[in-house]
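To start, the structure under review is shown below, and the notes come after it.
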Amino acid sequence: MKRRRVRPLLALPLLAGLLTGCGIRATEVPTDFGPAPSRVRCSLAEPEVTTQTARGVPVRVFLLCGSSLVAVDRALRVPDGTTDSGRRVLVAQGLLDELAESPSAAEKEAGYSTDVRGGMKVSGPAPGDADDTLRLSTSPGALTSYALAQLVCTFSDSAAAEGDGSVVLGGPAPERPRRYECTDEVRSRPGSAEPPSADASNS
């Protein structure tokens with residue numbers, strides 16, 4: 001007598017029935033693996049150096065991302081023949097304008113934001129100030145801790161300062177200017193760690 005063979009396709013329902021009868025629920029093989037992974041937070045594609053150079057002098061500004069400050073690339077145009085003092089003010093104003101600009105769509109998607117508001121102006125030292133003083137149209141003390149950290153870390157990392165990790169800032173004269181430092185703690189916790197500062201007036 002020939003033994004009957006159960007075809008594999010017919011055996012599947014039988015197997016499912018047996019499993020259910022034993023208290024085991026049959027599961028389906030998943031075919032949907034979810035949406036494609038989104039952009040990594042605080043991570044941006046590197047722009048081409050030639051593209052940056054064509055747009056101007058490469059600089060960096062510090063934006064907020066997560067709970068810290070993260071540097072992103074920008075470019076500024078500075079006219080040839082500008083004096084050192086004039087260049088410092090032009091660079092500072094350009095950096096300030098970049099900080100006040102809303103981040104690009106890609107930067108927003110990656111979690112970047114800014115707390116610096118537009119409309120602020122930068123000028124050079126008032127009479128009696130140190131040569132590297134930058135005066136803002138808004139007193140630094142009136143800025144949020146996030147905005148002040150962004151300004152201090154951006155300026156101190158640029159041609160607007162002396163390159164020692166600090167920058168001298170003041171509000172409209174006769175406010176006494178102060179030297180602010182961008183520390184690791186400020187970069188990692190800009191909302192709670194204000195930039196350390198000391199009086200920088202000459203009098």
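The values are calculated or read from the model by the stated rules, or taken from the named source; none is laboratory data. These numbers were taken from a predicted model, which means no experiment stands behind them. Positions of Cβ are generated from backbone atoms using ideal geometry, with glycine treated the same way; all protein chains shown enter the neighbour counts. To get the accessible areas, we keep the full protein, side chains included, count just its heavy atoms, and leave off ligands, DNA and RNA. Shrake-Rupley method; radii C 1.70, N 1.55, O 1.52, S 1.80 Å.
Of the peptides 166-175, 193-202, the ranking by mean beta-carbon count within 10 Å, highest at the top, reads 166-175, 193-202. Each residue of the stretch 84-96 was assigned a 3J(HN,Hα) from its phi angle through the Karplus curve 6.51 cos²θ - 1.76 cosθ + 1.60 (θ = phi - 60°); the sequence is 4, 5, x, 5, 4, 5, 4, 5, 4, 5, x, 5, 4 Hz, with glycine and proline shown as x. Could you pull out which residues in the stretch 100-130 have an amide N less than 20 Å from a spot 7 Å beyond the Cα of Arg176, following the Cα-Cβ vector? Backbone N within reach: 125-130. Under Stokes-Einstein, with the Kirkwood radius over Cα pairs standing in for Rh, what whole-number D in µm²/s applies to the stretch 103-201 at 25 °C and 0.890 mPa s? Stokes-Einstein gives a translational diffusion coefficient of 176 µm²/s.
Along the stretch 97-107 the Karplus relation, 6.51 cos²θ - 1.76 cosθ + 1.60 evaluated at θ = phi - 60°, assigns HN-Hα couplings of 5, 5, 5, 7, 6, 5, x, 5, 4, 5, 5 Hz to successive residues, with x for each Gly and Pro. Under 5 Å from the amide H of Leu134 lie the amide H atoms of Val168, Leu169, Gly170, each residue being 5 or more positions distant or on a separate chain, with H modelled from the backbone and absent for Pro and chain starts. Stretching the chain fully between Arg189 and Cys42 yields a gain of 51.4 nm (0.36 nm per residue, less the alpha carbon separation). Remark: the stretch 172-180, residue by residue, has Karplus-estimated 3J(HN,Hα) of x, 4, x, 4, 6, x, 10, 8, 9 Hz, where x stands for each Gly or Pro and the curve is 6.51 cos²θ - 1.76 cosθ + 1.60 at θ = phi - 60°. Share of carbon and sulfur in the accessible area of the stretch 73-203 stands at 47%, probe radius 1.4 Å.
As a ratio to 2.2 N^0.38 Å, the alpha-carbon radius of gyration computed for the stretch 53-122 takes the value 1.19. The peptide list 76-87, 148-159, put in order of mean Cβ contacts within 10 Å with the highest first, becomes 148-159, 76-87.
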